[in-house]
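Taking it in order: structure first as structure tokens, then the write-up.
The values are calculated or read from the model by the stated rules, or taken from the named source; none is laboratory data. Please read these numbers as outputs of a predicted model, since none were measured by experiment. Here the Cβ positions follow ideal geometry from the backbone for every residue, glycine too, while neighbour counts run over all protein chains shown. Side chains are part of the model used for accessible areas, which takes the heavy atoms of the whole protein and leaves out ligands, DNA and RNA. Shrake-Rupley method; radii C 1.70, N 1.55, O 1.52, S 1.80 Å.
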Amino acid sequence: MRYLTNEIERLFTEEQKICLIAGPRQVGKTTLAKYLLENHSINSMYFNWDIVNDRKLILKYPSDFWLRKEPSAKQPLRLTLDEIHKFPRWKTFLKGLYDAHKEKIQLIVTGSGKLDIFQKGGDSLFGRYQLYHLLPFTAGELLSKKRSIKVTPDSFINDIQNTELKKENENALHLIENFTGFPEPLFSESATRLRRWSLAHEQLILREELRDLTRIRELGLIEALVNLLPERIGSPLSINALREDLNVRFETVQLWLNVLERLFFLFSIRPYAGKLARTLRREEKIYLFDFSTIPEPSARFENIVGLHLFKLCKMWTEFGYGVFNLHYVRDREKREVDFLITLQNKPFALIEAKLKASKLDTSLLYFKERLKPKYAIQIVRNPEDFSRAFISNGILLAPAVQALAVM
């Protein structure tokens, strides 16, 4: 069971829409989909586009392919279609399937490439689906007995302050830090297996996914780009510098980064300006879903916090609390706060990540006064002179084992 389970069951009960589940390769989408098939009271079937026989059935009998596999299948029926986005006409196919059978069939669609719904011209699935992102395990999900994350925008600060400091909190964060949030290396707790998995995972994305979903053929140069990224985590990304290192055009590097984001190899956050003058407005920062290759400890910790917050923003948005996005703030005087969560494009929570600290960061104080977010938090991995979360100057100073335990 994962944190999306109850929300997906609610979707089928109340809204009767197609459930799209997107996320990185090997994050557990197929496992979740099969759990959703097995743990309910109606008939269910599973189809995978990568399985030759399943693919042939879908192509030959698009309107009732499930009956060709199991003629006695009764409705209502829950169908999972895994990796169906590799079918060039998958949106039209799903639209027809939903329109013809929406009263009797529940559809779960999973994909490791981003399930981009809107397209220029032609049909779209507008109004027929709900997209959810299944992301790697975070400390909060790992600590929950039912793998749920219950923190809401309204309870955010109180939940952090009221979290008990248990040994389990430190153990959960230690596991995430050392083995990532991907199920296979995380639950193996083996450094050797993590190294093998990380290399295989990278090759799976760069070779198989790029081949199947794009026309890019410069795989060697993209591998070189990927090797340059871990040392650039936590700083505004200079595409010009990457262009010079790779000896390619600016637009080419930009395209490759967009593709890597689309394939859930990385995620990016843009600077937030709002009404502030002299702030950066263009340079993005990037973070990795598999952060095991990041050599610098403070950059790796910032990546971990960023991944917790990115997952939180996706979950709050998809669960209907509002439109939440993750940004960072930096001005020309190089004052910077690592993260800013916005709600409907307005500042909601400023978050600074520190590997070590005993007092508040001056940039956090500066931008809190000017942006006036609802919350301001400094999350510290190795706090000095304090052990529990407390408020100072309207800012919550919290140990990471306490703050990340709710996310």
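Of the residues Ile51, Ile239, Ile157, the one that moves most in a GNM of the chain with alpha-carbon contacts below 10 Å is Ile51. Counting only protein heavy atoms and using a 1.4 Å probe, the accessible area of Glu333 comes to about 90 Å².
Might you tell me the accessible area per residue for the chain, computed with a 1.4 Å probe and given in Å²?
46 Å²
Residue by residue, segment 134-141 carries 3J(HN,Hα) couplings of 9, 10, x, 4, 10, 4, x, 5 Hz when phi is fed to the Karplus relation 6.51 cos²θ - 1.76 cosθ + 1.60 (θ = phi - 60°); x denotes Gly or Pro.
Using equal-weight Cα scatterers in the Debye expression, the normalised intensity of segment 1-153 in log10 at q = 0.10, 0.11, 0.16 Å⁻¹ is -0.35, -0.42, -0.90. In the chain, helices alone account for a calculated mean residue ellipticity at 222 nm of -11500 deg cm²/dmol, with every DSSP H run of four or more residues adding -39,500 (n - 2.57). Which longest uninterrupted range of the chain lacks any chymotrypsin sites (Phe, Trp or Tyr not before Pro) assigned by DSSP to a loop state (not H, G, I, E or B) and surrounded by at most 14 other Cβ atoms within 10 Å? That gives 127-320 as the longest site-free run.
Label segment 202-275 by shape, choosing from rounded, prolate and oblate, from the square roots a ≥ b ≥ c of the eigenvalues of the Cα gyration tensor; if a/c is under 1.5 it is rounded, and otherwise prolate applies when a/b is larger than b/c, oblate when it is not. Prolate. Expressed as a rounded percentage, what relative contact order does segment 309-382 have, with Cα pairs under 8 Å and six or more residues apart? Relative contact order here is 24 percent.
Sorting Leu210, Leu142 on solvent-accessible area from highest to lowest, probe radius 1.4 Å, gives Leu142, Leu210.
Put simply, the C-alpha atoms of segment 257-330 give a gyration tensor, and the ellipsoid matching it has half-axes of 20, 18, 13 Å, longest first.
Apply the a/c threshold of 1.5 to the C-alpha gyration tensor of segment 62-151 and tell me whether it is rounded, prolate or oblate. Because a/c hits 1.5 or more and a/b fails to exceed b/c, segment 62-151 counts as oblate.
Over all other residues within a Cβ to Cβ distance under 11 Å of Thr138, the charged ones net out to +1, with Lys and Arg as +1 and Asp and Glu as -1.
Look at where the Cα atoms of segment 303-364 and of segment 200-243 average out, and the two centres are 25 Å apart.
Modelled this way, with points 7 Å down the Cα-to-C-beta line, the labels at Leu59 and Asn247 are 4.1 nm from one another. Annotation: amide H-H contacts under 5 Å for Ile377 (H modelled 1.01 Å from N, sequence separation of 5 or more, or interchain): Leu350, Ile351, Glu352, Leu396.
Each Lys and Arg contributes +1 and each Asp and Glu -1, all at the Cβ; summed about the Cα centre of the chain, the dipole is approximately 780 debye. Percent of Cα pairs in the chain per distance bin of 10 Å, from zero to the largest separation: 4, 21, 30, 26, 14, 4, 1. Rolling a 1.4 angstrom probe over segment 125-284 with all protein chains present gives an accessible area of which 46% lies on carbon and sulfur atoms. For segment 272-407, the gyration tensor built on C-alpha atoms gives a rounded shape. Its axis ratio a/c (a ≥ b ≥ c) stays under 1.5.
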